[in-house]
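Please treat every number below as a calculation from the coordinates, not as lab data. Please read all numbers here as calculations on a predicted model, not as lab measurements. Every residue, glycine as well, gets a Cβ built from its backbone with ideal geometry; the counts of neighbours run over all protein chains shown.
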Amino acid sequence: MERQFISIEDFLLILKKRWKMVALIFSIFIISSLILSFFIIKPKYEASTKFFIGKEAIGQNQDYSANDIIMYQTLMKTYSEIIRTPDILLSSIEKSKINSTVEEAQNKLTVIAIADTQILEVKYRSLDPNEARNFINNLTSEFVKVSKEIVPNGNVKVVQKVRLPENPVSPNKKINVLIGALAGIVLGIASIFLIERFDKTIKSKEELEKELDIPIIGTVPLIEK
């Protein structure tokens, strides 16, 4: 009768018998993830800035009412759309002197209205760190100018200056290698159990005893020439 479950002993025996296949698949995935991370996937750099959306400082005592906070947090959604408008992006592209379309710039741009704050974060990713910094700098200038024209009584203040990104944000080499290692182990073990599931041949005395569930009294040795 075919067994409906596998014991820990069976599991270890299968691993012992086919460990070379697991090691091979594991090695292939590890090497592939290393090649992809270090040689195939081009590193991307991210430049970012942050804006404070609020009242313009008049004196030391600048109080906010609950309505003011709600108004400015709502206004941040408007600013988030303004900064992604094609005219602002196109002007920023031309001033940065980069070879990009408005659609490509929109795909590389991330605008985040940080929840429960009056902070607007803007990020831009590029293969060239200087391009990322220059674009964000020019985008900042254009955005501040246009926002004052659209909302004259509003106030947009840069609270985080743009810096030249030194380290790439992608690919994450450690994560990629870890994923490759886990995928290699899982696929390797799954492969040997799949092979074992469809392999009906008997290769040892122990396998025959387990299959027939009776002891083997004797064996016929293989006599070489």
Protection-proxy order for peptides 168-174, 87-93, 120-126, each taking the mean of Cβ atoms within 10 Å per residue, highest first: 120-126, 87-93, 168-174
Whole-Hz ³J(HN,Hα) from phi, Karplus 6.51 cos²θ - 1.76 cosθ + 1.60, for segment 195-200, glycine and proline x: 5, 5, 5, 9, 8, 9
From the coordinates shown, Kirkwood radius over Cα pairs in Å corresponds to which of (i) 23.3; (ii) 17.8; (iii) 20.9: (i)
Spacing of the two label points (7 Å from each Cα toward its C-beta) at LYS148 and SER170, in nm: 3.5
Two-site FRET efficiency, LYS95 against ILE185, from Cβ-Cβ distance with R₀ of 45 Å, rounded to 0.05: 0.35
Under 5 Å, built H, 5+ apart or other chain: amide partners of ASP128: TYR45
Karplus-derived 3J(HN,Hα), 6.51/-1.76/1.60, for each residue of segment 34-51, Hz, glycine and proline x: 5, 5, 4, 6, 9, 10, 9, 6, 6, x, 10, 10, 10, 9, 8, 8, 10, 10
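Given Cβ point charges of +1 (Lys, Arg) and -1 (Asp, Glu) and nothing else, what value in debye, to the nearest 20, does the dipole of the chain about its Cα centre take?
So the dipole magnitude of the chain works out to roughly 640 debye.
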FRET E, pair ASN107, ILE31, Förster distance 41 Å, beta-carbon r, rounded to 0.05: 0.85
For segment 144-158, 3J(HN,Hα) per residue [Karplus equation, 6.51 cos²θ - 1.76 cosθ + 1.60, θ = phi - 60°, Hz, x = Gly/Pro]: 4, 5, 5, 4, 5, 6, 7, 10, x, 8, x, 9, 10, 10, 6
Nearest-0.05 FRET efficiency for LYS20 and PHE198, computed from C-beta distance (R0 22 Å): 0.70
With Cα atoms, 0 to 90° folded angle of helix 66-82 axis to the chain main axis: 70
